[in-house]
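The structure under discussion appears below in the form of structure tokens.
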Amino acid sequence: MTSNPPLPAETILLIVDDDQAIRTLLADSLGMHGFRVETAANAQDMDVMLARHPVSLVLLDIMMPGEDGLSACRRLSQKGGPPIVLLSALGEEPDRILGLEIGASHYLTKPCSPREILATVRAALRQRTDADTRASRAFGRVDFAAHELFDADGMFVDLTDGEFAVLRAFVERPRRVLARDALLEAARGPDTEAYDRAIDVQVSRLRRKLRSRGDEVIRTIRNEGYFFVPRVVRL
């Protein structure tokens, strides 16, 4: 019998369901397996919790008053949010396909056992970790003190002062959607060259230099800004 790998120190699950009994049952069950669990009764409360906590995964009910789970799932996935496991009494194939197509990593049909939910949560977290690891390998290593960037193979990547300032802004705010104005403001500094071109040009040039293996490092979030994909580890 194999044991499950230890959870990261901050593995926070967010359960979003308008049924309080279901929220309590899932929170108690998953909490027994070492997860920190937060709950929300609707999409509005979900947004508040996501702003407060670095959530690792969302368990999201579809049939809810107000914004339904499908709309909330589409919105979160477009922003590059945490992985989403949809829970629904709608179990027909078109329902499952739609849920996966709009961004859910998994789709579970109610009723489902606590063991199935636990296994699905662990699988979704493993998939996200693997994706983060691939993106991190594609990104490489940055030394801010020396003003140097090295790719995953240890090769030096030549950046302009402006590109390096944008990279610093991303690395200091990883896995967050940065609006163009906020990114430009964060990138400005005493050592930054004058910005005589749009921030989009700087990001485009930086993206080309970081995409050494074809993996996505900087994701464009339509009408909102940019999202830095790799998980940042500070040494």
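Some values worked out for this structure:
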{"read-out": "Residue in the range 127-138 that is without any contact (Cβ under 8 Å) to a residue 24 or more places away in the chain and touching a Gly at 6+ places or on another chain (Cβ under 7 Å) present", "value": "no"}
{"read-out": "Residues being under 19 Å from residue 110 (Cβ atoms) and surrounded by fewer than 19 Cβ atoms within 10 Å (Cβ to Cβ) - total across the range 43-70", "value": "3"}
{"read-out": "Test: residue in the range 104-112 that is touching a Pro at 6+ places or on another chain (Cβ under 9 Å), assigned to a helix (DSSP H, G or I) and surrounded by 14 or more Cβ atoms within 10 Å (Cβ to Cβ)", "value": "no"}
{"read-out": "Residue 219 vs. criteria within 14 Å of the chain's Cα centre (by Cα) and either under 25 Å from residue 128 (Cα atoms) or at pLDDT 80 or above (or both)", "value": "yes"}
{"read-out": "Flag for residue 205 being surrounded by 14 or more Cβ atoms within 10 Å (Cβ to Cβ), at pLDDT below 70 and in a helix (DSSP H, G or I)", "value": "no"}
{"read-out": "Residue list for the range 222-231, filter: modelled with pLDDT of 70 or more, at negative phi and surrounded by 12 or more Cβ atoms within 10 Å (Cβ to Cβ)", "value": "224, 226, 227, 228, 229, 230"}
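The values are calculated or read from the model by the stated rules, or taken from the named source; none is laboratory data. Please read these numbers as outputs of a predicted model, since none were measured by experiment. So basically every Cβ, Gly included, is an ideal-geometry build from the backbone, and we count neighbours across all protein chains shown.
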